[in-house]
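Trainee: Take this structure, written in C-alpha coordinates, and hold onto it; I'll ask about it next.
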Amino acid sequence: MKWCLHLELFAMARGPDTPIPSQLNTYTYTHTKTYARFTGAPLKVHKISNPWRSPSGALPALQTSQGEVISVPHKIITHLRKEKYNADYDLSARQGADTLAFMSLLEEKLLPVLIHTFWVDPKNYVEVTRKWYAEAMPFPLNFFLPGRMQRQHMERLQLLCGQHEADREEELEKELYQEARECLTLLSQRLGSQKFFFGDAPASLDAFVFSHLALLLQAKLPSGKLQTHLRGLPNLCAYCAHILSLYFPWDGAEVPPPRQTPAGPDTEEEPYRRRTQVLSVLAGLAAMVGYALLSGIISIQRSSPARAPSARGLAMAEEDEEE
(Lines give C-alpha, C1' and ligand atoms only; values in the text may rest on other atoms or scores of the structure.)
Protein backbone atom coordinates (compact mmCIF):
# COMPACT_ATOMS: atom_id res chain seq x y z
CA MET A 1 0.00 0.00 0.00
CA LYS A 2 1.17 3.54 -0.69
CA TRP A 3 0.96 4.75 2.86
CA CYS A 4 3.62 2.27 4.08
CA LEU A 5 5.92 2.61 1.05
CA HIS A 6 9.46 3.57 2.04
CA LEU A 7 11.77 4.80 -0.74
CA GLU A 8 15.15 6.46 -0.26
CA LEU A 9 16.87 8.30 -3.08
CA PHE A 10 20.59 9.03 -2.82
CA ALA A 11 21.78 12.00 -4.91
CA MET A 12 24.73 14.35 -5.19
CA ALA A 13 24.69 17.30 -2.80
CA ARG A 14 25.14 20.79 -4.18
CA GLY A 15 28.59 22.33 -4.01
CA PRO A 16 29.20 25.94 -2.90
CA ASP A 17 28.69 28.68 -5.50
CA THR A 18 27.83 26.21 -8.24
CA PRO A 19 26.26 27.39 -11.51
CA ILE A 20 23.78 24.48 -11.59
CA PRO A 21 20.64 24.45 -9.39
CA SER A 22 20.70 21.72 -6.79
CA GLN A 23 17.72 19.77 -8.15
CA LEU A 24 19.15 19.88 -11.67
CA ASN A 25 22.66 18.58 -10.97
CA THR A 26 22.34 15.62 -13.36
CA TYR A 27 19.66 14.73 -15.89
CA THR A 28 19.43 11.19 -14.45
CA TYR A 29 18.60 12.51 -10.98
CA THR A 30 16.30 15.16 -12.46
CA HIS A 31 14.40 12.48 -14.41
CA THR A 32 13.81 10.41 -11.26
CA LYS A 33 12.95 13.38 -9.06
CA THR A 34 10.61 14.95 -11.61
CA TYR A 35 8.74 11.69 -12.18
CA ALA A 36 8.33 11.29 -8.41
CA ARG A 37 6.99 14.85 -8.14
CA PHE A 38 4.54 14.22 -10.99
CA THR A 39 3.16 11.06 -9.38
CA GLY A 40 3.44 12.00 -5.71
CA ALA A 41 5.78 9.09 -4.92
CA PRO A 42 7.13 9.47 -1.35
CA LEU A 43 10.90 9.81 -1.74
CA LYS A 44 13.21 10.43 1.18
CA VAL A 45 16.21 12.16 -0.43
CA HIS A 46 19.73 11.80 0.95
CA LYS A 47 22.03 14.43 -0.52
CA ILE A 48 25.60 13.21 -0.13
CA SER A 49 28.91 14.55 -1.40
CA ASN A 50 30.66 11.18 -1.60
CA PRO A 51 29.23 8.85 -4.29
CA TRP A 52 30.87 5.86 -2.58
CA ARG A 53 28.56 6.35 0.41
CA SER A 54 25.64 5.44 -1.83
CA PRO A 55 24.31 1.87 -1.35
CA SER A 56 25.26 1.11 -4.96
CA GLY A 57 28.47 3.14 -5.03
CA ALA A 58 26.94 5.40 -7.69
CA LEU A 59 24.47 8.28 -7.89
CA PRO A 60 21.55 8.48 -8.14
CA ALA A 61 20.45 5.31 -6.36
CA LEU A 62 17.08 4.20 -5.01
CA GLN A 63 16.79 1.96 -1.95
CA THR A 64 13.41 0.29 -1.52
CA SER A 65 11.68 -0.79 1.66
CA GLN A 66 12.71 -4.38 0.86
CA GLY A 67 16.39 -3.34 0.80
CA GLU A 68 16.73 -3.56 -2.98
CA VAL A 69 19.07 -0.98 -4.50
CA ILE A 70 18.37 0.35 -8.01
CA SER A 71 20.78 2.72 -9.76
CA VAL A 72 19.60 2.59 -13.40
CA PRO A 73 17.13 5.49 -13.98
CA HIS A 74 14.62 3.62 -16.17
CA LYS A 75 14.56 0.74 -13.67
CA ILE A 76 13.81 3.24 -10.90
CA ILE A 77 10.84 4.51 -12.92
CA THR A 78 9.71 0.92 -13.54
CA HIS A 79 9.81 0.22 -9.79
CA LEU A 80 7.70 3.31 -9.07
CA ARG A 81 5.15 2.12 -11.62
CA LYS A 82 5.00 -1.27 -9.93
CA GLU A 83 4.18 0.57 -6.70
CA LYS A 84 1.17 2.18 -8.46
CA TYR A 85 2.87 5.53 -9.11
CA ASN A 86 2.21 5.67 -12.83
CA ALA A 87 2.26 8.99 -14.67
CA ASP A 88 0.95 7.30 -17.85
CA TYR A 89 -2.16 5.77 -16.34
CA ASP A 90 -4.57 7.82 -18.47
CA LEU A 91 -2.66 7.64 -21.77
CA SER A 92 -4.09 5.93 -24.81
CA ALA A 93 -2.21 3.23 -26.74
CA ARG A 94 -1.21 5.77 -29.39
CA GLN A 95 0.08 8.20 -26.77
CA GLY A 96 2.06 5.37 -25.19
CA ALA A 97 3.63 4.62 -28.57
CA ASP A 98 4.45 8.32 -29.03
CA THR A 99 6.11 8.30 -25.61
CA LEU A 100 8.44 5.46 -26.58
CA ALA A 101 9.18 7.04 -29.96
CA PHE A 102 10.14 10.43 -28.52
CA MET A 103 12.22 8.88 -25.74
CA SER A 104 14.15 6.90 -28.34
CA LEU A 105 14.59 10.07 -30.39
CA LEU A 106 16.07 11.95 -27.44
CA GLU A 107 18.36 9.05 -26.54
CA GLU A 108 19.65 8.89 -30.10
CA LYS A 109 19.80 12.55 -31.14
CA LEU A 110 19.92 14.75 -28.03
CA LEU A 111 21.74 12.74 -25.35
CA PRO A 112 25.05 12.43 -27.28
CA VAL A 113 25.22 16.21 -27.66
CA LEU A 114 24.40 16.76 -23.98
CA ILE A 115 27.29 14.46 -23.07
CA HIS A 116 29.54 16.31 -25.49
CA THR A 117 28.40 19.70 -24.19
CA PHE A 118 29.09 19.00 -20.52
CA TRP A 119 31.86 16.38 -20.60
CA VAL A 120 33.83 16.75 -23.85
CA ASP A 121 33.74 20.46 -24.71
CA PRO A 122 36.93 21.77 -23.00
CA LYS A 123 35.55 25.11 -21.82
CA ASN A 124 32.31 23.71 -20.45
CA TYR A 125 34.03 20.80 -18.74
CA VAL A 126 36.68 22.92 -17.01
CA GLU A 127 34.54 25.93 -16.08
CA VAL A 128 31.22 24.20 -15.33
CA THR A 129 31.18 20.41 -15.00
CA ARG A 130 34.51 19.71 -13.31
CA LYS A 131 34.14 22.80 -11.14
CA TRP A 132 30.69 21.71 -9.99
CA TYR A 133 31.76 18.20 -9.00
CA ALA A 134 35.04 19.40 -7.48
CA GLU A 135 33.14 21.79 -5.20
CA ALA A 136 30.46 19.22 -4.36
CA MET A 137 32.84 16.34 -3.52
CA PRO A 138 35.13 16.12 -0.48
CA PHE A 139 38.91 16.05 -0.66
CA PRO A 140 40.65 13.97 -2.04
CA LEU A 141 37.80 12.53 -4.19
CA ASN A 142 37.40 15.85 -6.00
CA PHE A 143 40.90 15.41 -7.46
CA PHE A 144 40.29 12.23 -9.42
CA LEU A 145 36.57 11.33 -9.52
CA PRO A 146 35.53 14.09 -11.99
CA GLY A 147 38.22 12.88 -14.41
CA ARG A 148 37.09 9.29 -14.05
CA MET A 149 33.47 10.34 -14.63
CA GLN A 150 34.56 12.21 -17.76
CA ARG A 151 36.23 9.08 -19.14
CA GLN A 152 33.07 7.05 -18.44
CA HIS A 153 30.91 9.59 -20.27
CA MET A 154 33.33 9.68 -23.20
CA GLU A 155 33.14 5.87 -23.41
CA ARG A 156 29.34 6.10 -23.37
CA LEU A 157 29.45 8.72 -26.11
CA GLN A 158 31.62 6.40 -28.20
CA LEU A 159 29.08 3.60 -27.73
CA LEU A 160 26.24 5.90 -28.78
CA CYS A 161 28.01 7.30 -31.84
CA GLY A 162 30.23 4.36 -32.81
CA GLN A 163 33.86 4.34 -33.89
CA HIS A 164 35.08 7.18 -36.09
CA GLU A 165 38.35 8.36 -37.55
CA ALA A 166 40.21 11.21 -35.85
CA ASP A 167 40.22 13.39 -38.99
CA ARG A 168 36.40 13.21 -39.13
CA GLU A 169 35.89 14.33 -35.54
CA GLU A 170 35.00 17.93 -36.41
CA GLU A 171 32.64 16.84 -39.18
CA LEU A 172 30.95 14.33 -36.86
CA GLU A 173 30.53 16.99 -34.17
CA LYS A 174 28.76 19.27 -36.65
CA GLU A 175 26.43 16.43 -37.67
CA LEU A 176 25.61 15.63 -34.04
CA TYR A 177 24.77 19.24 -33.19
CA GLN A 178 22.67 19.63 -36.33
CA GLU A 179 20.65 16.52 -35.46
CA ALA A 180 20.22 17.76 -31.87
CA ARG A 181 18.91 21.12 -33.11
CA GLU A 182 16.44 19.32 -35.38
CA CYS A 183 15.36 17.19 -32.43
CA LEU A 184 14.67 20.27 -30.30
CA THR A 185 12.73 21.88 -33.13
CA LEU A 186 10.62 18.73 -33.50
CA LEU A 187 9.91 18.73 -29.75
CA SER A 188 8.86 22.36 -29.97
CA GLN A 189 6.46 21.61 -32.83
CA ARG A 190 5.01 18.59 -31.01
CA LEU A 191 4.45 20.56 -27.80
CA GLY A 192 2.84 23.54 -29.51
CA SER A 193 0.90 25.68 -27.04
CA GLN A 194 0.08 22.85 -24.63
CA LYS A 195 1.16 22.86 -21.00
CA PHE A 196 2.43 19.30 -21.31
CA PHE A 197 2.96 16.94 -24.23
CA PHE A 198 -0.36 15.16 -23.72
CA GLY A 199 -2.55 17.99 -22.49
CA ASP A 200 -2.96 19.52 -19.04
CA ALA A 201 -1.44 16.71 -16.96
CA PRO A 202 2.24 15.65 -16.94
CA ALA A 203 3.28 12.18 -18.08
CA SER A 204 6.53 10.20 -18.11
CA LEU A 205 7.51 11.80 -21.41
CA ASP A 206 7.37 15.21 -19.74
CA ALA A 207 9.71 14.03 -16.98
CA PHE A 208 12.09 12.60 -19.57
CA VAL A 209 12.09 15.69 -21.81
CA PHE A 210 12.35 18.12 -18.89
CA SER A 211 15.33 16.26 -17.42
CA HIS A 212 17.21 16.70 -20.70
CA LEU A 213 16.23 20.32 -21.34
CA ALA A 214 16.32 21.92 -17.89
CA LEU A 215 20.02 21.38 -17.21
CA LEU A 216 20.94 22.70 -20.66
CA LEU A 217 18.67 25.70 -20.18
CA GLN A 218 19.78 26.56 -16.62
CA ALA A 219 23.56 26.05 -16.75
CA LYS A 220 25.80 29.05 -17.45
CA LEU A 221 27.86 27.60 -20.29
CA PRO A 222 30.83 29.46 -21.83
CA SER A 223 30.28 27.37 -24.98
CA GLY A 224 26.55 27.03 -25.51
CA LYS A 225 25.87 26.26 -29.16
CA LEU A 226 22.88 24.01 -28.47
CA GLN A 227 21.78 26.16 -25.54
CA THR A 228 21.42 29.16 -27.88
CA HIS A 229 19.11 27.16 -30.16
CA LEU A 230 17.01 25.97 -27.22
CA ARG A 231 16.58 29.52 -25.94
CA GLY A 232 15.30 30.45 -29.40
CA LEU A 233 12.32 28.10 -28.92
CA PRO A 234 10.04 30.10 -26.59
CA ASN A 235 7.46 27.37 -25.99
CA LEU A 236 10.11 24.91 -24.74
CA CYS A 237 11.57 27.61 -22.48
CA ALA A 238 8.12 28.39 -21.09
CA TYR A 239 7.49 24.66 -20.70
CA CYS A 240 10.61 24.21 -18.54
CA ALA A 241 9.84 27.37 -16.56
CA HIS A 242 6.30 26.12 -15.89
CA ILE A 243 7.55 22.77 -14.53
CA LEU A 244 10.24 24.50 -12.47
CA SER A 245 7.79 26.92 -10.88
CA LEU A 246 5.16 24.23 -10.26
CA TYR A 247 7.27 21.29 -9.08
CA PHE A 248 10.65 22.87 -8.21
CA PRO A 249 9.64 26.35 -7.02
CA TRP A 250 12.95 27.40 -5.47
CA ASP A 251 15.12 25.93 -8.23
CA GLY A 252 13.69 28.27 -10.84
CA ALA A 253 13.97 31.32 -8.59
CA GLU A 254 16.57 34.04 -8.92
CA VAL A 255 17.27 34.05 -5.19
CA PRO A 256 17.16 30.75 -3.27
CA PRO A 257 15.68 30.56 0.23
CA PRO A 258 17.98 31.01 3.22
CA ARG A 259 20.04 27.88 3.67
CA GLN A 260 19.39 25.98 6.87
CA THR A 261 21.07 22.98 8.40
CA PRO A 262 18.42 20.29 8.79
CA ALA A 263 18.70 17.58 11.38
CA GLY A 264 17.59 14.92 8.93
CA PRO A 265 19.53 12.67 6.56
CA ASP A 266 20.33 15.44 4.04
CA THR A 267 23.40 16.44 6.02
CA GLU A 268 26.20 14.51 7.63
CA GLU A 269 26.05 14.05 11.38
CA GLU A 270 27.96 16.80 13.15
CA PRO A 271 29.89 14.57 15.62
CA TYR A 272 31.46 12.71 12.72
CA ARG A 273 32.15 15.71 10.50
CA ARG A 274 35.54 16.64 11.99
CA ARG A 275 36.71 13.02 12.04
CA THR A 276 35.71 12.65 8.38
CA GLN A 277 37.62 15.80 7.44
CA VAL A 278 40.78 14.68 9.27
CA LEU A 279 40.66 11.20 7.72
CA SER A 280 40.10 12.71 4.27
CA VAL A 281 43.15 14.96 4.65
CA LEU A 282 45.33 12.08 5.87
CA ALA A 283 44.13 9.81 3.08
CA GLY A 284 44.79 12.54 0.53
CA LEU A 285 48.31 13.17 1.80
CA ALA A 286 49.07 9.44 1.76
CA ALA A 287 47.74 9.14 -1.78
CA MET A 288 49.76 12.12 -2.99
CA VAL A 289 52.99 10.85 -1.39
CA GLY A 290 52.41 7.35 -2.78
CA TYR A 291 51.77 8.73 -6.24
CA ALA A 292 54.91 10.88 -6.06
CA LEU A 293 57.03 7.90 -5.05
CA LEU A 294 55.58 5.58 -7.70
CA SER A 295 55.84 8.13 -10.50
CA GLY A 296 59.40 9.09 -9.61
CA ILE A 297 58.65 12.69 -8.64
CA ILE A 298 60.19 11.90 -5.24
CA SER A 299 62.86 9.25 -4.91
CA ILE A 300 64.75 7.80 -1.97
CA GLN A 301 68.37 7.10 -2.79
CA ARG A 302 71.08 5.38 -0.79
CA SER A 303 74.62 6.67 -0.83
CA SER A 304 76.81 4.47 -3.06
CA PRO A 305 79.98 4.87 -5.13
CA ALA A 306 79.39 6.63 -8.42
CA ARG A 307 79.26 4.34 -11.43
CA ALA A 308 78.08 4.53 -15.00
CA PRO A 309 74.45 3.55 -15.49
CA SER A 310 73.93 0.20 -17.17
CA ALA A 311 71.87 -0.25 -20.30
CA ARG A 312 69.34 -2.26 -18.28
CA GLY A 313 68.94 0.61 -15.82
CA LEU A 314 68.35 3.09 -18.63
CA ALA A 315 65.77 0.78 -20.18
CA MET A 316 63.96 0.47 -16.87
CA ALA A 317 63.97 4.26 -16.41
CA GLU A 318 62.48 4.80 -19.87
CA GLU A 319 59.79 2.17 -19.20
CA ASP A 320 58.79 3.79 -15.92
CA GLU A 321 58.57 7.18 -17.59
CA GLU A 322 56.24 5.85 -20.28
CA GLU A 323 53.93 4.39 -17.63
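Trainee: Carbon and sulfur: what percent of the stretch 79-165's accessible surface (1.4 Å probe)? Spell out each step's value before the answer.
Mentor: Values: 2610 of 4910 Å².
It is 53 percent, rounded to a whole number.
Trainee: Still on this structure, I have one more. Rule-of-thumb check for the stretch 95-135: C-alpha Rg over 2.2 N^0.38 Å?
Mentor: Numbers: Rg = 14.4 Å, N = 41, 2.2 N^0.38 = 9.0 Å.
Ratio of Rg to 2.2 N^0.38 Å for the stretch 95-135: 1.59.
Trainee: So for the pair Ala101, Glu182, with labels modelled 7 Å out along Cα→Cβ, what separation do we get in nm?
Mentor: Label at Ala101, label at Glu182, 1.6 nm between them.
Trainee: Then there is this: I'd like the Karplus ³J(HN,Hα) series for the stretch 119-135: coefficients 6.51, -1.76, 1.60, θ = phi - 60°, whole numbers in Hz, and an x wherever there's a Gly or Pro.
Mentor: Once θ is set to phi - 60°, the couplings for the stretch 119-135 become 10, 10, 4, x, 5, 5, 5, 6, 8, 10, 5, 5, 4, 4, 5, 5, 7 Hz.
Trainee: Taking the dipole about the Cα centre of the stretch 72-161, with the C-beta of Lys and Arg at +1 and of Asp and Glu at -1, give me whichever of Leu80, Phe118, Pro146 is farthest to the positive side.
Mentor: Pro146
Trainee: Taking amide H atoms as placed 1.01 Å from N in the peptide plane, list the residues 5 or more away in sequence, or in a different chain, whose amide H sits under 5 Å from that of His46.
Mentor: Here the answer is Leu9, Phe10, Ala11, since their amide H atoms fall under 5 Å of that of His46.
Trainee: Under a straight-distance cross-link criterion of Cα-Cα below 18 Å, which lysines are reachable from Lys123, leaving out those fewer than 8 residues away in the same chain?
Mentor: List returned: Lys131, Lys174, Lys220, Lys225.
Trainee: Here's another thing I want to ask about it. Quick one: what are the phi-derived ³J(HN,Hα) couplings along the stretch 218-232, Karplus 6.51/-1.76/1.60 with θ = phi - 60°, whole Hz, x for glycine and proline?
Mentor: Each residue of the stretch 218-232 in turn: 8, 5, 8, 9, x, 10, x, 5, 6, 4, 4, 5, 5, 5, x Hz.
Trainee: Determine the per residue accessible area of the stretch 156-233 with all protein chains present and a 1.4 angstrom probe, expressed in square angstrom.
Mentor: That works out to 51 Å² per residue.
The values are calculated or read from the model by the stated rules, or taken from the named source; none is laboratory data. Source: prediction; values computed, not measured. Backbone-built Cβ (ideal geometry, glycine too); neighbour counts: all protein chains shown. Note: accessible area is taken over every heavy atom of the protein model, side chains too, but ligands, DNA and RNA are not part of it. Shrake-Rupley method; radii C 1.70, N 1.55, O 1.52, S 1.80 Å.
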